[in-house]
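J.: First the structure, then my questions, so here it is.
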Amino acid sequence: MKKFAVAGIAALLVAAVAAPAQAVTYGTPTIGLSASYLSGAVGAVGDPVVNVTVGQSGADASALTVSATASSRASVAGTGDVSVTGAGAVRQLAVAARGRGYTNLTVKVTGLGGKSATKTLYYAASATVQNPAEARYLTGSADASAAVDVGGGYVVVADDESNVLRLYDRSRSGAPVRTWDFSSQLGVTKEVDIEGATRIGDTIYWTGSLGNNKDGEYKAPRNTVFTTTVSGSGTGTQLAYGRSYKKLREDLVAWDVANGNRYGFAAGTAAGEAPKQIDGFNVEGLEFAPGSTTTAYLGFRAPLAPAVPGGKALIVPVTNFDKVLASGAKAVFGAGIELDLGGLAVRDIRKNAAGQYLILAGSWAADDNSDPYALYQWDGVAGHAPVKRADLPTTDPGGWEAIVDVPDLTAAGARVQLITDSGSADLYGDGTEAKDLTHPEWKKARAAWFTLG
């Protein structure tokens, strides 16, 4: 019996060795992109990347190869300008722009068994800017109009073409990590035209421009101020709707009329009057007075005071701003504050915990991308003159629009981060304004750091 058993086992072993190995069947590879549209900039540091997710049945994902080739304009980005890093199922694809414009990139995964799959990445590159190492690009919107630091290296940015608030990482280029749209709570379907914001404790105050639209038409949503409540910080930031007030424009006009029409608010808000003219009506800055949580400063882009060339920038104090938002009380105003900003107007105003103010000064005009911009330091006291701290570059696309926060202005090498409204800029050289671009991923505002002199 033992002889037969041994012989049987031997025969089975010989048969097993002689049998051919069963061939492995590999499926068709799969490939997915975290975004089909990507924007970069020539010379940029830390441009956004695309995650490429790959797989193949019967194969370990780490055995797959991912590559990209230029399939249209290599002058914008060629095959050698694309890098793919990482291993496993998710890789990171980055593009170093060669030139301004648009191009399509074919992203390919090559699997085992000679099988492959492709996806198209639609890429757009804007031109290089001054000091590109200090620039970051906030994608998803081009019309940044106000910004509030929420801690942990993050900022909430408003858009004057929608009512969406977006949370961004201040140090990185890319899409928002969270968004909020309070249109339904505000009872509006059109944009509030958010232009100014400031934070007191866990409350952020936001204001619309209060002016007519560009065609001189009154649009009620623009006559809105509202609050949101902040909880958390950094990536954990959350916003909740608070309250709103929709009569501040009328209160301002009535106050100016009662005081002899010094600032021409009634004329500036009349039908047919565009807001962005020297005698127009347009609010763009909001901050609280020194040591106060009740008196807010409204900074005007227009009018200048008085409304003649070389006039002064205008700030109007609202002495019961807390009650205006908390209970709907009619606004009460202090005397107008007129500041010499070299013929420029207020585009944003922000203070730090030490009561040091920075004013972002720019033109009152509508198309002002090439007009002067400057930063002025101020102590917030009426009758005290502001001091220029920096001139800002004006050759880059977009107008400087928002101050993220204010550093210690007495420190050597103090740095401040500003954000542009790039909505009217031709980012990619085809004559299309950024606000009209079809794909949100190609819309972007620029954040940049500046060292104060």
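The values are calculated or read from the model by the stated rules, or taken from the named source; none is laboratory data. Bear in mind that the values here come from a model prediction, so they are computed numbers and not experimental data. Don't worry about glycine lacking a Cβ; one is built from the backbone with ideal geometry, like all the others, and counts go over all protein chains shown. What goes into the accessible areas is simple: the full protein's heavy atoms, side chains included, and nothing from ligands, DNA or RNA. Shrake-Rupley method; radii C 1.70, N 1.55, O 1.52, S 1.80 Å.
J.: Can you give me the relative contact order of the chain as a percent, contacts being Cα pairs under 8 Å and 6 or more apart?
T.: On the way: 1218 pairs, mean separation 55.2, N = 453.
Dividing the mean separation by the residue count of the chain yields 12 percent.
J.: Another one. Taking the Cα atoms only, what angle lies between the long axis of helix 248-258 and the longest principal axis of the chain, rounded to 10 degrees?
T.: Roughly 20 degrees, rounded to the nearest 10.
J.: Quick one: accessible area per residue over segment 19-107, 1.4 Å probe, rounded to a whole number of Å²?
T.: Details: 4140 Å² over 89 residues.
Here the residues of segment 19-107 average 46 Å² of exposed surface.
J.: Rounded to the nearest 500, what is the chain's calculated 222 nm mean residue ellipticity when only DSSP H runs of at least 4 contribute -39500 (n - 2.57) each, over all residues?
T.: So the helix-based figure for the chain works out to -2500 deg cm²/dmol.
J.: Next question, about the same structure. Once both axes come from the Cα atoms, what is the angle between helix 2-18 and the longest principal axis of the chain, in degrees from 0 to 90, rounded to 10?
T.: Value to nearest ten degrees: 50.
J.: Stretch residue 426-residue 172 to full length: gain in nm at 0.36 nm per residue minus the Cα-Cα span? If you can, show how the numbers build up before the last one.
T.: On the way: separation 254, 0.36 × 254 = 91.44 nm, distance 2.26 nm.
Extra length available between residue 426 and residue 172 comes to 89.2 nm.
J.: Still on this model: Starting from the Kirkwood Rh over alpha-carbon pairs, what translational D in µm² s⁻¹ does the chain have by Stokes-Einstein at 37 °C and 0.692 mPa s?
T.: Reported coefficient: 135 µm²/s.
J.: Only sites in a loop by DSSP and with at most 16 other Cβ atoms within 10 Å count here; which trypsin sites (Lys or Arg not before Pro) in segment 58-101 make the cut? Write out the running numbers ahead of the final one.
T.: Numbers: sites: 73, 91, 98, 100; in loops: 73, 98, 100.
Taking segment 58-101 and a limit of 16 other Cβ atoms within 10 Å, the loop trypsin sites (Lys or Arg not before Pro) found are 73.
J.: Of all beta bridges DSSP finds with both residues in the chain, what is the antiparallel percent, to the nearest 5?
T.: So the antiparallel bridges in the chain amount to around 95 percent.
J.: Okay, next question. Considering the dipole of the chain built from charges on the beta carbon (Lys and Arg +1, Asp and Glu -1) around the Cα centre, which of 414, 277, 177 is farthest to its positive end?
T.: Final value for the positive-end residue is 177.
J.: Quick check for you: with a 1.4 Å probe and neighbouring chains kept, what is the accessible area per residue of segment 402-453, in Å²?
T.: Values: 1920 Å² over 52 residues.
Accessible surface, normalised per residue, equals 37 Å².
J.: Say the cut-off is 23 Å between C-alpha atoms; which of 246/276; 190/247; 388/443; 214/351; 108/435 go over it? The partial results should precede the final answer.
T.: On the way: 246/276 21 Å; 190/247 17 Å; 388/443 32 Å; 214/351 30 Å; 108/435 32 Å.
Pairs exceeding 23 Å: 388/443; 214/351; 108/435.
J.: Also, quick follow-up: Once a ≥ b ≥ c are taken as the square roots of the eigenvalues of the Cα gyration tensor of segment 296-358, is the result rounded (a/c under 1.5), prolate (a/b larger than b/c) or oblate (a/b not larger than b/c)? Let's see the in-between values first.
T.: Values: a/c = 2.83, a/b = 1.51, b/c = 1.87.
Note, shape of segment 296-358 comes out oblate.
J.: Using each residue's phi in segment 24-32, evaluate 6.51 cos²θ - 1.76 cosθ + 1.60 at θ = phi - 60° and report the 3J(HN,Hα) Karplus result to the nearest Hz, with x for Gly and Pro.
T.: For segment 24-32, the Karplus-derived couplings read 7, 9, 9, x, 6, x, 10, 9, x Hz, x marking Gly and Pro.
J.: Let me ask another. On the protein heavy atoms, probe 1.4 angstrom, tell me the percent of accessible surface of the chain carried by carbon and sulfur. Write out the running numbers ahead of the final one.
T.: Numbers: 9960 of 18680 Å².
Carbon and sulfur: 53 percent of the exposed surface of the chain.
J.: Return the distance in nm (one decimal) between the two label points of a simple spin-label model at residue 247 and residue 115, each offset 7 Å from Cα along Cα→Cβ.
T.: Label at residue 247, label at residue 115, 7.0 nm between them.
J.: Relative contact order, percent, of segment 239-291 when contacts are C-alpha pairs under 8 Å separated by at least 6 residues?
T.: Values: 30 pairs, mean separation 9.5, N = 53.
Relative contact order of segment 239-291: 18 percent.
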